[in-house]
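S.K.: Pasting a structure here, questions to come.
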């Protein structure tokens with residue numbers, strides 16, 4: 001991974017890795033080269049990076065983006081909506097035009113950067129299930145002697 005013309009490697013500090021993860025996840029760029037695209041549509045991860053050919057089969061953010069979006073955004077927004085109801089007692093249609101769009105946008109907009117951060121974090125930290133390296137190589141027909149992140 002190249003950051004400011006230098007390689008981010010296993011010896012890089014946690015601060016450098018964290019900065020790289022945040023930048024590549026936010027931009028949706030390849031966590032290896034920083035130039036290619038991570039997404040081919042809103043939340044669909046591409047098969048390979050068009051620049052460095054990173055294979056994204058390792059990426060498995062699963063329900064993480066939805067979980068973090070709900071916990072970080074929806075939960076506080078729900079308290080805000082309840083406060084509006086208790087403090088001002090607006091009619092139901094006010095919530096329809098204010099609370100519902102705020103909740104929808106507040107939960108949907110962060111999904112892509114959160115998913116990008118999770119995928120970049122998996123790549124940078126070489127995160128995979130313990131003991132699954134050989135099985136993963138067999139399933140995907142890849143070289144078991146090389147890390148899945150380096151193929």
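The values are calculated or read from the model by the stated rules, or taken from the named source; none is laboratory data. No experiment lies behind these values; they were computed from the predicted model shown. All Cβ positions, glycine included, derive from the backbone under ideal geometry; neighbour counts span all protein chains shown.
S.K.: Can you tell me which of 53, 24, 41, 69 is in a loop (DSSP other than H, G, I, E, B), at pLDDT 90 or above and over 28 Å from residue 134 (Cα atoms)? Walk me through it before giving the result.
M.R.: Numbers: 53 fails: over 28 Å from residue 134 (Cα atoms); 24 fails: in a loop (DSSP other than H, G, I, E, B); 69 fails: in a loop (DSSP other than H, G, I, E, B).
After ruling out the rest, the residue left standing is 41.
S.K.: Let me ask something additional. So which residues in segment 77-94 are surrounded by 10 or more Cβ atoms within 10 Å (Cβ to Cβ), farther than 25 Å from residue 110 by Cα and under 35 Å from the mean Cα position of the chain (by Cα), if there are any at all?
M.R.: Answer for segment 77-94, where residues must be surrounded by 10 or more Cβ atoms within 10 Å (Cβ to Cβ), farther than 25 Å from residue 110 by Cα and under 35 Å from the mean Cα position of the chain (by Cα): just 85.
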